[in-house]
Amino acid sequence: MPKMKAFFSKILSDTPEFSADAVVGLFNTNGSMQLKIPISFALTDERMRQEIDVMGISFPVEWREAMQKAHMDKIVVITQTDSKKVYLAFPGIQAYEEYTIPDAVLYEMTRRVDTANVKKKEYGQEVIENHLCVQETLLVTETNRPGEIAILRCATDLKNFPIRMDILTPTSTTRFAFENVQIKKQDPALFEVPANYMAFTNSADIMRYAKQKI
């Protein structure tokens with residue numbers, strides 16, 4: 001999760017604070033969708049919130065129904081790079097796990113964001129969901145790493161926010177399709193775990209706690 005926060009901070013540097021709903025899709029080289037995850041995002045300079053709707057993930061229906069029965073069908077991930085913490089929270093059972101971001105991971109993440117070279121090139125326009133979008137290719141290069149390519153469709157009426165974003169690799173494409181984009185200062189409470197949530201140190205204990213509440 002810290003890596004995704006770093007990625008967004010680099011790609012979306014013109015809009016450091018926003019919220020949006022998204023469908024994240026993973027496609028193979030033939031264009032077939034391998035995985036779909038609906039996620040709501042909120043971002044500030046140093047914090048990110050991701051709210052995942054388990055029932056919308058393209059996983060086996062039995063797994064999704066089990067998560068729903070356990071009241072764990074909503075998952076919130078809060079990344080706080082300022083406090084070096086990641087929280088995995090389950091609103092349905094009011095419980096969470098806390099993880100510390102190792103200094104080495106945070107250092108590497110910050111170094112890559114600061115030293116990466118980003119080149120943009122416009123190549124056209126298109127209309128998506130009634131938004132006029134500028135089509136851009138984005139080449140991100142780093143020392144001793146292969147370059148990464150992204151295809152962006154940036155909405156001109158949303159401060160050029162990329163409402164469509166394809167991240168290309170030799171074996172797959174990850175597509176972010178955003179909607180309900182709100183470019184504004186975010187409520188700080190979104191990036192904190194509610195005080196009445198119970199803390200756990202591992203997933204096994206949370207699962208046992210969830211079963212007790214069924």
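Summary table
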| item | result |
| --- | --- |
| Fewest-first ranking of Ser203, Ser40, using other Cβ atoms within 10 Å as the exposure measure | Ser203, Ser40 |
| Structure-based [θ]222 nm, the chain - -39500 (n - 2.57) summed over DSSP H runs of at least 4, per residue, nearest 500 | -6000 deg cm²/dmol |
| With at most 16 neighbouring Cβ atoms within 10 Å, loop GluC sites (Glu not before Pro) (DSSP) excluded, longest segment of the chain | 47-128 |
| The range 164-214: trypsin sites (Lys or Arg not before Pro) in DSSP loop, at most 13 other beta carbons within 10 Å | Lys184, Lys185, Lys213 |
| Phi-based couplings in Hz for the range 63-72 (Karplus 6.51, -1.76, 1.60; Gly and Pro marked x) | 5, 5, 5, 5, 5, 5, 4, 7, 6, 10 |
| Shape category assigned to the range 121-191 from the gyration tensor of Cα positions, a/c cut at 1.5 | oblate |
| Among Phe161, Phe200, Phe18: highest mean-square fluctuation, GNM of the chain, C-alpha pairs under 10 Å | Phe200 |
| The range 2-212: relative contact order as a whole-number percent, Cα under 8 Å and 6+ apart | 23 |
| Rounded, prolate or oblate (a/c below 1.5 giving rounded, otherwise prolate when a/b exceeds b/c) for the range 2-212 by Cα gyration tensor | prolate |
| Tensor-based shape of the range 93-143 (alpha-carbon gyration tensor, a/c under 1.5 rounded, otherwise prolate or oblate) | oblate |
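Coordinate-derived values only; no laboratory data. All of these numbers come straight from a predicted model, not from anything done at the bench. Note that each Cβ is placed from the backbone with ideal geometry, even for glycine, and that neighbours are counted across all protein chains shown.
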